[in-house]
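Q: One structure coming up, written as structure tokens, with questions to follow.
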Amino acid sequence: MNKLKADLHIHSVLSACGSLEMSPTKIIDEALKKGLDIIALTDHNSAANCKVAMETGKKKGIIVIPGIEVTVSEEFHVVALFSDIQSAETLSEIIYNTLLPIEIDEDKMGFQLVVDSEENILRFEKRVLNQASLPVDELIQKVEELGGIYFFAHIDKAYFSLISSLGFIPENMKDCIFELTREDTYGLKKIVRNSDAHFLKDIGHRYFYIEADKNIQSVFENIRKGVFYYDA
Ligand SMILES: [Zn+2]
Ligand SMILES: [Zn+2]
């Protein structure tokens, strides 16, 4: 078992709010520079850049977990992570089909780009990705069916968070995994800290540790067991 340094919430050029420097290749180079052992690519409501990120990560010696930051219909963010690309792409497709066909205003909102490992643009995603998708219960059920894990994103933020949306943490959710950006733990036990980076410089500015072997299966197993922590 190793102590793996993890940042499991990073956006690429597929997120309109993500900087155009956030190609999977540059993200991985930056993550290696920051000493991370494992990252997750988690764009809004889509896993379209995950495959190239995983392949590039494999070549460069860093684990890349395919993920999606889902905007649930209750208007908060849940990050879903998968041990394989097929499951991530399956959820990605399910979510895409729930999105209204609203075309993105690229001048105002930015581009949503699908790219390859050489940073060539493969396509411009035109549908606004960051919009309300499945209800949270339905999302969790789908993620579990697909063998994934999930955490409630940045719950201490004033927008798009479980607390900002519901006003409290429901009792039956308290054993779930929560992502925090500040020090207050809200009395919760399973806490992860990630950068939620939209710019290269921010990758790894928050992180946590997982005790696991250096492969996704072991990482998932140990996250499920709760073998992760951060330096307070
Ligand atoms: Zn978010
Ligand atoms: Zn995010």
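Read the figures in this text as sums done on the coordinates, not as results from a lab. Quick caveat: nothing in here was measured; it's all calculated off a predicted structure. All Cβ positions, even for glycine, are placed from backbone atoms using ideal geometry, and neighbour counts span all protein chains on display.
Q: For each of SER87, SER218, count neighbouring Cβ atoms within 10 Å of the residue's Cβ, then give the residues from fewest to most.
A: Ordered from fewest to most neighbouring Cβ atoms within 10 Å, SER87, SER218 come out as SER218, SER87.
Q: Cut-off is 10 Å between beta-carbons; in what order do HIS198, HIS77 appear when sorted fewest neighbours first?
A: Least crowded to most crowded, the residues run HIS198, HIS77.
Q: List the lysines whose alpha-carbon lies under 26 Å from that of LYS225, not counting same-chain residues fewer than 8 positions away?
A: Those lysines meeting the cut-off are LYS3, LYS5, LYS58, LYS142, LYS174, LYS189, LYS190, LYS214.
Q: Counting only GluC sites (Glu not before Pro) that sit in a DSSP loop (anything but H, G, I, E, B) with at most 11 other Cβ atoms within 10 Å, what is the longest stretch of the chain containing none of them?
A: Between the exposed loop sites, the longest stretch runs 1-117.
Q: With charges only on Cβ, +1 for K and R and -1 for D and E, what is the dipole size of the stretch 2-229 about its Cα centre, in debye, rounded to 20?
A: For this selection, approximately 740 debye.
Q: List the residues whose amide H sits under 5 Å from the amide H of VAL192, counting only those 5 or more places along or on another chain, with H placed 1.01 Å from N in the peptide plane.
A: Close amide H contacts, sequence-distant or interchain: PHE178, GLU179, LEU180.
Q: What relative contact order, as a whole-number percentage, does the chain give when Cα pairs under 8 Å and 6 or more residues apart are counted?
A: 25 percent
Q: Please identify the DSSP H helices in the chain that span no less than 27 Å along the helix axis (Cα) and have a mean Kyte-Doolittle hydropathy of -1.0 or more.
A: none
Q: Tell me, in nm to one decimal, what length is gained between ARG224 and TYR96 on full extension, where the rule is 0.36 nm per residue of separation less the Cα-Cα distance?
A: 43.3 nm
Q: Quick one: ARG127, ARG206, ARG182, fewest Cβ neighbours within 10 Å first, how do they rank?
A: Listed from fewest to most nearby Cβ atoms, that is ARG182, ARG127, ARG206.
Q: Taking H as built 1.01 Å from N, whose amide H comes closer than 5 Å to the amide H of VAL70, not counting residues under 5 places away?
A: For VAL70, whose amide H was placed from the backbone, the distant partners under 5 Å are ASN45, VAL78, VAL79, ALA80.
Q: Would you compute, from DSSP H runs of 4+ residues alone, the mean residue ellipticity of the chain at 222 nm, taking -39500 (n - 2.57) per run and dividing by the full residue count, rounded to the nearest 500?
A: After summing the helix terms and dividing by residue count, I get -7500 deg cm²/dmol.
Q: How much net charge surrounds PHE124 when only other residues with a Cβ under 11 Å from its Cβ are counted (Lys, Arg +1; Asp, Glu -1)?
A: 0
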